[in-house]
Amino acid sequence: MIIIKLQGGLGNQMFQYAFGLSIANKLYTILYLDLSFFKENHGLTPRKYELELFNNSINIAGDELISRFLRPGFVQKVFNKTGIYKTTICRENTLRFNDDVFEVKPPAYFEGFFQSEQYYNADEELIRKTFTFKSPLNQESQRVADTLKQQPNTVSIHVRRGDYVSSTIANNLHGVCSANYYQNAIALIKSKINDPIFYFFSDDPEWVSQYLLPIVDNAKLVSHNQQTDCWQDMALMSKCKHHIIANSSFSWWGAWLNPDKEKIVIAPEKWFNTGTEYFNAADIVPSKWTRLPNE
């Protein structure tokens, strides 16, 4: 048995779940999810559990099970000292890929973000099957999806702003990709493929309309998916041929879920504003993707 503590928005939850599935698969054990983050007052952007968007059988860890790891009773403490059914807590100390996690013996509790496809490269088929959205697209999204099928060289562009702008904590950690980053990425795409059609997705469509749409030929803004339908932007991005992403796990998954081996993905060079040992983003962007300065 292993437990993964979920935290963050949909993209982060997908990273953690993919990591958990891969670890559980390698250890031939059962995966449980700790959802306590979504009940905590942590001062971060409010989030909700979103993995119910996928059609999977998920085990949720109850308080008693979690307590065995985080607040062990007398019997469990004795077990831990003797090594009999010893529980292990593994907290990520850097975002760099760390294959030591594969040596951890269950029962184990994992806490971290685990933002690298290297954790589950061997289970790529399983992860892609797992992250199949179970609900149908709404009428407008289905119309966009049908159009994408008929067009060659479609390019999704994700512009993440939202709390990256409004929240001091998020802004200090992440920052935002500049208009110059998107212009350079678009120019690079145009140099590589013929007649690209650009589809913008953003939590700040007004900013996109003001700063990007006027300078991009053959571009469309997809802005109808709000609140509980936001996941449909990720689904639509994954149906494009190529991608320009933000420093966002949401757009990372929008690009990664596209199974095309020939896809071009352009990602920001600087994923975080901070340069701490923990927030080391060297392994977040897959090696086949292209990185450009985003300031």
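None of the figures in this text is laboratory data; all of them are computed from the coordinates on show. This one's a predicted model, so the numbers in the text were calculated from it and none came from an experiment. All Cβ positions, glycine included, derive from the backbone under ideal geometry; neighbour counts span all protein chains shown.
Couple of notes before you dig in:
- In this structure the amide hydrogen of Asp283, modeled in the peptide plane, comes within under 5 Å of the amide hydrogens of Phe97, none closer than 5 places in sequence on its chain.
- Chymotrypsin sites (Phe, Trp or Tyr not before Pro) within the range 56-146: DSSP coil, no more than 14 neighbouring Cβ in 10 Å: Tyr85
- Relative contact order (%) - the range 139-292, alpha-carbon pairs under 8 angstrom, separation at least six: 27 percent
- Remark: the range 110-118, residue by residue, has Karplus-estimated 3J(HN,Hα) of 10, 9, x, 10, 6, 8, 7, 5, 4 Hz, where x stands for each Gly or Pro and the curve is 6.51 cos²θ - 1.76 cosθ + 1.60 at θ = phi - 60°.
- Helix-only CD estimate at 222 nm, as mean residue ellipticity for the chain, using -39500 (n - 2.57) per DSSP H run (n ≥ 4): -10000 deg cm²/dmol
- Remark: the chain projects, on average over all directions, an area of 15.8 nm² (convex hull of Cα atoms).
- Counted charge near Leu292, where neighbours are those whose Cβ lies closer than 11 Å (Asp, Glu -1; Lys, Arg +1): 0
- Within the chain, antiparallel bridges make up roughly 5 percent of the DSSP beta bridges whose residues both belong there.
- Å³ per residue enclosed by the Cα convex hull of the range 26-149: 170 Å³
- For the range 82-136 versus the range 3-34, the gap between their alpha-carbon centres in whole angstrom: 6 Å
- Across the chain, C-alpha contacts under 8 Å between residues 6 or more apart give a mean separation that, scaled by the residue count, equals a relative contact order of 19 percent.
- In order through the range 168-182: 3J(HN,Hα) via Karplus (6.51 cos²θ - 1.76 cosθ + 1.60), integer Hz, x for Gly, Pro: 4, 4, 5, 5, 5, 7, 9, x, 10, 6, 7, 4, 5, 4, 5
- For Tyr109, distant residues with modelled amide H under 5 Å away: Ile3, Thr88, Ile89, Cys90
- Positive contributions from Lys and Arg (+1) and negative ones from Asp and Glu (-1), summed over other residues with Cβ under 12 Å from the Cβ of Phe97, come out at -4.
- Distance violations [Cα-Cα > 21 Å] among Lys48/Lys77; Lys190/Lys261; Lys134/Lys263: Lys48/Lys77; Lys134/Lys263
- Set of aspartates and glutamates near Lys39 by C-alpha distance (under 15 Å), chain-local residues within fewer than 8 positions excluded: Glu50, Asp63
- Scanning residues 5 or more positions from Ile157 or on other chains, those with amide H under 5 Å from its amide H are Tyr199, Phe200, Phe201, Ile244, with H placed 1.01 Å from N in the peptide plane.
- Stokes-Einstein translational diffusion, the range 166-246 - Kirkwood Rh over all Cα pairs, 0.692 mPa s, 37 °C, in µm²/s: 235 µm²/s
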